[in-house]
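Below is one structure; the comments refer to it alone.
Just so you know, all these numbers are worked out from the coordinates, no wet-lab data involved. Since the model is a prediction, treat every value here as computed from it, not as a measurement. Glycine also receives a Cβ, built like all others from the backbone with ideal geometry; neighbour counts cover every protein chain displayed.
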Amino acid sequence: MCKVVLSERMAVICNTCGLPEDLCACGELAKDSTKIIIRLETRRFKKKGTMIEGLDPKLNNLETVAKELKNKYACGGTAKDGYIFLQGDHRDTIKDTLIGLGFPEESIELH
C-alpha cells in the first residue's frame with residue numbers, strides 16, 4: 001500500500017496590507033515616506049564625519065547599507081540606533097549613492 005503525502009504551502013500574509021509576502025509593497029511605501037537627513041559632524045580631535053539619520057532599522061538592514069557605503073567610500077564607519085556614521089566628509093556624493101541604493105531623491109535632505 002502506497003501512502004500519498006500532500007504538502008500544503010501556506011502563503012505568508014503581510015499584517016499591514018493583507019497581501020501575500022511576495023506581492024507586499026509595504027517596505028517600498030515606507031521607504032518613500034522616510035525622511036533621511038545627511039549632515040556633517042565634528043567629533044573628537046576635530047575629526048569630521050558624515051551622519052546619515054532617519055533610516056528605519058525595521059525596514060532597512062543598516063549594517064548592510066553601512067557596509068556598502070564604507071566599501072564605496074573606502075572609509076570606516078558604524079551603524080547604530082537608527083543612524084549611519086561614516087568617517088570623513090562625503091556630503092557631496094552621498095546623495096547620489098543613496099539614490100542608487102533605492103532611496104527616493106525627495107526624501108533625502110542635505111544639511
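Projecting the Cα atoms of LEU62, LEU101, ALA79 onto the dipole axis of segment 44-104, where Lys and Arg carry +1 and Asp and Glu carry -1 at the beta carbon, places ALA79 farthest toward the positive end. The H on the amide N of LEU55, modeled in the peptide plane, is under 5 Å from the matching H of no residue at least 5 residues off or on a different chain.
In a simple Cβ point-charge model (Lys, Arg +1; Asp, Glu -1; nothing else charged), segment 13-111 has a dipole of about 800 debye relative to its Cα centre.
Please grab the % of Cα pairs in segment 55-110 that end up more than 19 Å from each other. Everything past 19 Å amounts to 22 percent. Computed FRET efficiency, Cβ-Cβ of ILE13 and THR97, R0 25 Å: what is it to the nearest 0.05? Plugging the Cβ-Cβ distance into 1/(1 + (r/R0)^6) gives 0.15. Within segment 47-110, the trypsin sites (Lys or Arg not before Pro) that combine a DSSP coil assignment with at most 14 other C-beta atoms in a 10 angstrom radius are LYS47, LYS58.
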